[in-house]
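Below are the structure tokens for one structure; questions will follow.
The values are calculated or read from the model by the stated rules, or taken from the named source; none is laboratory data. Given the structure is predicted, the values throughout are model-derived calculations rather than measurements. In this analysis, Cβ positions are derived from the backbone assuming ideal geometry, glycine residues included, and neighbour counts consider all displayed protein chains.
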Amino acid sequence: MGKLLPEAKGEMGIVVDIWNYYADNAETLLADEPLTIQGGEAVIQKRPVGVLLGIMPWNYPYYQVARFAAPNLVLGNTILLKHAPSCPRSSAAIEALLCDAGLPEDAYLNLYATNEQVAEIIADPRVQGVSLTGSERAGAAVAAEAGRHLKKV
């Protein structure tokens, strides 16, 4: 996206840490947690919700994806990732790296979509939730569309 090399290297350091954290701790993070409450016992379980749409900004093209995608992929959700139009190479690089790492086919897909297409994607009943990091204007538009279709945000 045009960052200076020292800034890009700084971003990549934390990105590697995020992916490693979830890879190294997946079993612990996903383990059931017994809970003793007044009058009984319960279990907290972490389960996937399904297909999630991530809409990411231009300024941290690797970090924002890692903080959204890593925990959700570990949980078993499918990720549809709509990057900023100015970041096609970084979005393609992330998808290629995940594929090379052995992620199942179609577990993470880049979408090179327009704003109108994003609204259609949010409306799709297979999409269970949407995450956006971006401007207030974009947030308001995505939240309105997500609310109209009762999506987790």
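Does any residue of the range 93-109 turn out to be assigned to a strand (DSSP E or B) and under 12 Å from the mean Cα position of the chain (by Cα)?
Let us first name the residues in the range 93-109 that are assigned to a strand (DSSP E or B), namely 108-109.
If we keep only those that are under 12 Å from the mean Cα position of the chain (by Cα) too, we end up with 108-109.
The answer is yes, given that some residue of the range 93-109 is assigned to a strand (DSSP E or B) and under 12 Å from the mean Cα position of the chain (by Cα).
Has the range 3-26 got any residue that is hydrophobic (A, V, I, L, M, F, W, C), within 22 Å of Ala146 (Cα to Cα) and under 14 Å from the mean Cα position of the chain (by Cα)?
Narrowing the range 3-26 to residues hydrophobic (A, V, I, L, M, F, W, C): 4-5, 8, 12, 14-16, 18-19, 23, 26.
Now drop any that are not within 22 Å of Ala146 (Cα to Cα), which leaves none.
No - not one qualifying residue is present in the range 3-26.
Scan the range 124-153 for residues that are of a type in the set (Val, Ile, Thr), over 15 Å from Pro57 (Cα atoms) and crowded, with 16+ Cβ neighbours inside 10 Å and jot them down.
We begin by selecting, within the range 124-153, every residue of a type in the set (Val, Ile, Thr); these are 127, 130, 133, 142, 153.
Next, from what is left, pick out any that are over 15 Å from Pro57 (Cα atoms): 127, 153.
Hit for the range 124-153 is Val127, nothing else.
Taking the residues in the range 73-109 that are closer than 20 Å to Glu145 by Cβ and at pLDDT 95 or above as candidates, determine which candidate is surrounded by the fewest Cβ atoms within 10 Å (Cβ to Cβ).
So the residue we want is Leu109.
Here is a yes/no grid of residues against (1) of a type in the set (Asp, Glu); (2) in a helix (DSSP H, G or I); (3) in contact with a helix residue (DSSP H, G or I) (Cβ under 6 Å, 6 or more places away or on another chain):
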| site | (1), (2), (3) |
| --- | --- |
| Trp58 | no, no, no |
| Val65 | no, yes, yes |
| Phe68 | no, yes, no |
| Val74 | no, yes, yes |
| Ile79 | no, no, yes |
| Gly129 | no, no, no |
| Ala138 | no, yes, no |
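Strands (runs of 3 or more DSSP E) wholly in the range 15-55 with at least 1 residues that are surrounded by 13 or more Cβ atoms within 10 Å (Cβ to Cβ), out of contact with any Pro (no Cβ under 7 Å at 6 or more places or on another chain) and not polar (S, T, N, Q) - which ones?
Details: elements: 33-37, 40-44, 51-55.
It comes to 51-55.
Any chance the range 1-9 includes a residue that's surrounded by 10 or more Cβ atoms within 10 Å (Cβ to Cβ), part of a loop (DSSP other than H, G, I, E, B) and touching a Phe, Trp or Tyr at 6+ places or on another chain (Cβ under 7 Å)?
Within the range 1-9, one or more residues are surrounded by 10 or more Cβ atoms within 10 Å (Cβ to Cβ), part of a loop (DSSP other than H, G, I, E, B) and touching a Phe, Trp or Tyr at 6+ places or on another chain (Cβ under 7 Å).
Same structure again: Restricting the range 110-122 to residues that are touching a helix residue (DSSP H, G or I) at 6+ places or on another chain (Cβ under 7 Å) and in a helix (DSSP H, G or I), which is surrounded by the most Cβ atoms within 10 Å (Cβ to Cβ)?
Only one residue tops the list, namely Ile122.
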